[in-house]
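Report on one structure; see the data block that follows.
What follows is calculated from the coordinates using simple rules that are stated; it is not laboratory data. Keep in mind that what you see is a predicted model, and the values were worked out from it rather than measured. Cβ: placed from backbone, ideal geometry, glycine included. Neighbour counts: every protein chain shown.
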């Protein structure tokens, strides 16, 4: 890492590493989250680091760019390539009567929705994932009215519900779901950044089936989906379509 002052208050900071590099044709993806920056499956892709760096720098009025040096092919021992390639996920959940039951994620933050979508994909969970942006849309989805009046499919197998959202937040949404005879049997898992004891206790008092604090690491979010799938769609027994 090198720093050079270019007149107050501007600094140029450069970072160089000795990683495997990437092909120039993928250079525009470097600041997007979870991108594969070379065409070789032996190497893992990028995580969230550079995407977060760009957001922080931009918010502070700076700019961040990449300077690509010529990419050089590196020799990777055959056993290493096989070990890395073996890490690609297989289907996590076995086929069962619950395979077609969707996971409904109620999340207003687009970045968090992206992370959830990518974790769901990488986990190998076969159950489809649906998104709604807030409590009001979640209720429309569940009741098949408004924006979701013509949606296909049955009710979701589980609901992943954020607490802090504009409009009808997760707390209010949970109360409404539990008060509705047609919806009250659907398992609701609170998935939120709040670790406050009051939120945890209140959520269980209002009928939440589980309370999970959002993991900060992407790999932990992937494992979360694997375990949720295993428990709710394999080990546990879900109710049939709720009473209308």
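Some observations on this one:
- Potential lengthening between residue 152 and residue 55 on full extension [0.36 nm per residue; Cα-Cα distance subtracted]: 31.2 nm
- Projected label distance in nm at residue 200 and residue 175, using a 7 Å step from Cα toward the beta-carbon: 2.3
- On full extension, the segment bounded by residue 126 and residue 213 gains 29.0 nm, given 0.36 nm per residue less the C-alpha separation.
- Label-point gap, in nm, between residue 240 and residue 64 - each point 7 angstrom along Cα→Cβ: 5.4
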